[in-house]
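The next block holds one structure in the form of structure tokens; read it before the comments.
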Amino acid sequence: MKKSFIFLLTAIILLSCQSTKKLACNIESVASPKGTDVFQPNWDNIAENYKFPDWFVDGKFGIFIHWGPYSVPAFNNEWYARHMYLKDHKVYKHHIETWGPQEKFGYKDFIPLFKAEKFNVKEWVEVFKKSGAKYVVPVAEHHDGFSMYNSDLNEWNSVKMGPKKDIIGALKKELEKEGLVFGLSTHKAENAWFFNGGMDFPSDVQDTTLSLYGRRYKNEKYTDNFAREWLTHTYELINKYKPKLIWFDWTVNNCVLMPYFNKFMAYYYNNALDWGEGVVVNTKQGYPTNIQVWDMERGKSGKMMQFPWQTDTSVGKKSWAYVDGEVNKTPEQIVHDLIDIVSKNGNLLLNIGPRADGTITEEQKSILLSIGKWLEVNGDAIYGTRCWKKFGEGDANPTKGTFSDNKATAYTARDIRFTTKGNDFYAIALNWDKNELLITSLDKETIADAEILSVSLLGSKEQIKWTKTDKGLKLSFPKNKPCDYAYSFKITFNKKVGEHLRSEATNEVMKYRE
């Protein structure tokens, strides 16, 4: 009896150790559930086998969510956790004046105040669905190190503390129930150094037993030991939640992290094969644009890109998370940006910042619903479309590049963006004109061999008059506007007009491969 008990106990311990090793200790040997090994951790292999999934290429529009303990102080921006430990920063001074010195009230002390008592996942998802978004990406863990999910590896999580709920799990369940694609973001890499300012003066960051505050590295320097920790935590998210998209911030391009990131991609893509799903990885720089989706923060590309790409930006101009006194963009600006991005082979990931109690502000909710109303009318010109040989025409000079989109561009009806779907060609005018629209890109030479079967304006039943001219295709505007912000003319040809010639991506991320 005693020997049997010892044998049974030993077997349990061994199984437990093997399970732990699979996730944490021996990460190099972790395989996907069915043992798929199509993808290997090198860029040539991944490029040969990876395909951008249709749900992403067709979906065009997603919602990003920044929500966590940083929503409690609701001051300045979502980097409150770092700035409160940087001497002479305005957040440092604000924190002392409002909450007390950092050695007595540290960032960890916001967690019990982050209760999410009014969080209603059904209401959130209903708003997201009405906005016209096709995928949703909540932040699973921000730079602050607090996990918004049921983590076995991080005790500082929303199930054990704060809301006492698996926020990521709840969102996944409801989103998939409503037919939206579930993704997530993880900023674990940035946590390693995020709180290092608190080591320069008396603060709770100097209590190294508090794992919330990460490694406290100076600047963005990493070690292999941390890289293994990062990879283990990322595997946990894949194994527990099966997201179809994982978004990363900028430091995953670090030379120490990069080999581990390649292992992550191989593991994630192999798992996706076993799930029978197409998945997407987002990074800002450092990785080829044909093995993952290049993401540009708060800005747009100035040209078409060869491979699908994405803009991530926020409704709020000041912060990604909720802050008092936020200034929000207008629905018109966001719709214009969406159209411009889609015409260049991109997607828009638009962020909102809920309050600490779990409510979405009425202004941000109204903006999302206004975007949804526009997409109800014009969705055919956005969803499932592809680029033409040029993205558009016009006089305006829109902003481009990162951190450039807070200022709206003033467009006229001469500013037009193009999308295509089969034999349908969409010319989206970014303003209204009572008279006519001349599309110079569709001159007689360009469409000489193509017969126009019909011309209409999405959302309008009025007849659209059209004429082929040497200068371009001339269209009439109807008497009544079918919607606000922008207007989509649908031109159906008897065959495709030109080839989908996308320009090659020449952005800086490619240099990291050399």
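Computed values, structure above
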| item | result |
| --- | --- |
| Subset of the range 40-75 [over 22 Å from the mean Cα position of the chain (by Cα), in a loop (DSSP other than H, G, I, E, B) and not aliphatic (A, V, I, L, M)] | Gln40, Pro41, Asn42, Pro73, Phe75 |
| Val136 within 28 Å of the chain's Cα centre (by Cα), more than 20 Å from Ile334 (Cβ to Cβ) and crowded, with 17+ Cβ neighbours inside 10 Å | no |
| Per-region count, the range 205-252, residues of a type in the set (Gly, Ala, Ser) and at positive phi | 1 |
| Hits in the range 361-396 (condition: surrounded by fewer than 17 Cβ atoms within 10 Å (Cβ to Cβ), in contact with a Leu (Cβ under 8 Å, 6 or more places away or on another chain) and hydrophobic (A, V, I, L, M, F, W, C)) | Ala396 |
| Enumeration of residues in the range 176-220 that are within 17 Å of His142 (Cα to Cα), among the charged types (D, E, K, R) and assigned to a helix (DSSP H, G or I) | Lys188, Glu190 |
| Output for the range 246-257, where each listed residue is closer than 17 Å to His233 by Cβ and in a helix (DSSP H, G or I) | Thr251, Val252 |
| Qualifying residue in the range 408-420 (condition: of a type in the set (Lys, Arg), over 17 Å from Lys60 (Cα atoms), surrounded by fewer than 17 Cβ atoms within 10 Å (Cβ to Cβ) and touching a Gly at 6+ places or on another chain (Cβ under 7 Å)) | no |
| Residue in the range 389-400 that is at pLDDT 95 or above, more than 15 Å from the chain's Cα centre (by Cα) and part of a helix (DSSP H, G or I) present | no |
| Members of the range 363-385 found to be of a type in the set (Val, Ile, Thr), farther than 17 Å from Thr311 by Cβ and assigned to a loop (DSSP other than H, G, I, E, B), listed by number | none |
| Only one of Lys115, Lys134 that is within 18 Å of Ile246 (Cβ to Cβ) and charged (D, E, K, R) | Lys134 |
| Options Val91, Val127; residue that is assigned by TED's automatic domain parsing to the domain that holds Tyr235, in a helix (DSSP H, G or I) and touching a Gly at 6+ places or on another chain (Cβ under 9 Å) | Val127 |
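The values are calculated or read from the model by the stated rules, or taken from the named source; none is laboratory data. In this text, all values refer to a predicted model and were calculated from it rather than measured experimentally. Reconstructed Cβ throughout: ideal geometry from the backbone, glycine too, with neighbour counts over all protein chains shown.
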